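Scroll down for the structure; my scribbles are underneath it.
The values are calculated or read from the model by the stated rules, or taken from the named source; none is laboratory data. These numbers were taken from a predicted model, which means no experiment stands behind them. Because the Cβ atoms are built from the backbone with ideal geometry, glycine has one as well, and the counts that use them run over all protein chains shown.
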Amino acid sequence: MTVIRQVEGAGEVSSLRPLLFTVYLPATAYGIGMGAAAPVMALTALSLGASPAVAGLTVALVGLGQVLGDIPAGQVVSRLGERLSIALASSAGVLGVLACLLAPSVPVLCMGLVVVGLSNAVWGLARMSYLSEVIPFERRARAMALFGGAMRLGSFLGPFLGAAAIIGFGTRGGFVVQLIAIAVAGYLMTRLPDPQTANSGIDKVAPLSLLSIGRAHRTLLFTLGGGSLLMGAARSARDAILPLWADHLGASAATAALVYGIGAGLDVLCAYPAGHLMDRFGRRFIAVPSLAILAIGYLIVPLADSIAILTVAAIVMGIGNGIGNGVIMTIGADVAPAATRAEFLAAWRLTHDCGFFIGPLLVSGLAALAPLAVAVVTLGGVSALGAVAMGRYIPVYIPWPGRNQCSQSENSRS
């Protein structure tokens, strides 16, 4: 089996501090926008006359747009470069949010949400590609975890700012915050310097289609990528399971939000230490426990006959999700071929984004056919299966200790 390994060289970022204003602060701003908009998507649809079922489906449209956006994102970033791609994606995101903010009907709102998802795909790939290029292997997990943590911190703060905006602007106030956040994040990230690393000397090939990348790396994407998909489903389903079980217990919306917020707080606190552990002990050391702890959290939920026990489940899930922060981005950067980095990372992101889209739909479908507890236990099984897949295939493609692999030639990558 060919080992796929990133090799870095001169011109890399020797410290993460210079990336504060061009990577991490924009990530926080972008996360604030996403967090502020999340609670008002369904509410806006309801105010436009949608049924509760349709309003619930509107939330999934951002994920659908992100999955669709992953398809061309690799070629966009490969052809235009990171900075121009971010400018383009930010402009599209602003237009999408404006459509949501001014939507006179549900179809226009839905169109705007899909456009926001498309923007997320290109924006996310460009920043991931940039970090993969400029961060040396021995600091990569910390850089990726800090980036993911900045996004999660923003998502944690966003609903509070969105609530303040709702007081001033009405239900759609969350979109006002998102509009400003995307514009600010896009402006800051377009100030990124062009990456100048040793990889710039590698012969580039014409941008490849997602289908071509899928064929060339089908074994990796079906095995390790399968673990990525399962992790995406396990992560996103938590957002549906916790509020639904709180409602099942008869809790108010405010109480449900508080339970979720406690878990989200643990998520943020665990984010950065996860990167240190990955850089020291390897990617499997974090990926497997992350999914195993998520599985335990899901299995606690059906036992929750009170808000106190549900809060324990939320804390366990928050820790599990938090310690896995940055692991998907880090693994993608580790295995990405330098010559087709952006195109490969688009295919890699697609595995996780598909899982992220499927997770809530799986909960919805199972809950419609069986008791909610069946959906919860099923997601526990999904999480456990993901842990098995990551434990089995990470060593195949990323042997550890990873530092011993840094000297391998780029020619060893397929």
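When residues of segment 335-377 are filtered for being in a helix (DSSP H, G or I) and surrounded by fewer than 21 Cβ atoms within 10 Å (Cβ to Cβ), how many remain? Residues in segment 335-377 being in a helix (DSSP H, G or I) and surrounded by fewer than 21 Cβ atoms within 10 Å (Cβ to Cβ): 14 in total. Whether any residue in segment 81-95 is assigned to a helix (DSSP H, G or I) and farther than 26 Å from residue 131 by Cα is what I want to check. Yes; the residues of segment 81-95 include at least one that is assigned to a helix (DSSP H, G or I) and farther than 26 Å from residue 131 by Cα. Residues in segment 111-164 that are surrounded by fewer than 24 Cβ atoms within 10 Å (Cβ to Cβ) and either among the acidic types (Asp, Glu) or assigned by TED's automatic domain parsing to the domain that holds residue 328 (or both): 138 only.
Across segment 39-59, not a single residue is classified as part of a helix (DSSP H, G or I), within 21 Å of the chain's Cα centre (by Cα) and modelled with pLDDT of 85 or more.
For segment 274-290, state whether one or more residues are among the acidic types (Asp, Glu), part of a helix (DSSP H, G or I), under 26 Å from residue 140 (Cβ atoms) and assigned by TED's automatic domain parsing to the domain that holds residue 360. Give the derivation first.
Let us first name the residues in segment 274-290 that are among the acidic types (Asp, Glu), namely 279.
Checking the rest, the ones that are also part of a helix (DSSP H, G or I) come to 279.
If we keep only those that are under 26 Å from residue 140 (Cβ atoms) as well, we get 279.
Subsequent filtering for residues that are assigned by TED's automatic domain parsing to the domain that holds residue 360 retains 279.
Checked against the condition, which is being among the acidic types (Asp, Glu), part of a helix (DSSP H, G or I), under 26 Å from residue 140 (Cβ atoms) and assigned by TED's automatic domain parsing to the domain that holds residue 360, segment 274-290 yields at least one hit.
Tally up the residues in segment 305-320 that are touching a residue at least 12 places away in the same chain (Cβ under 8 Å) and within 13 Å of residue 262 (Cα to Cα), please. Quick ask: steps written out before the conclusion?
Our first condition is that a residue be touching a residue at least 12 places away in the same chain (Cβ under 8 Å); within segment 305-320, this holds for 305-307, 310-320.
From what's left, within 13 Å of residue 262 (Cα to Cα): 307, 310-319.
Of the residues in segment 305-320, 11 are touching a residue at least 12 places away in the same chain (Cβ under 8 Å) and within 13 Å of residue 262 (Cα to Cα).
Among 42, 73, 38, 103, which is the only one that is in contact (Cβ under 8 Å) with a residue 12 or more places away in the chain and either aromatic (Phe, Trp, Tyr) or within 30 Å of residue 209 (Cα to Cα) (or both)? One residue alone meets the criteria, 73.
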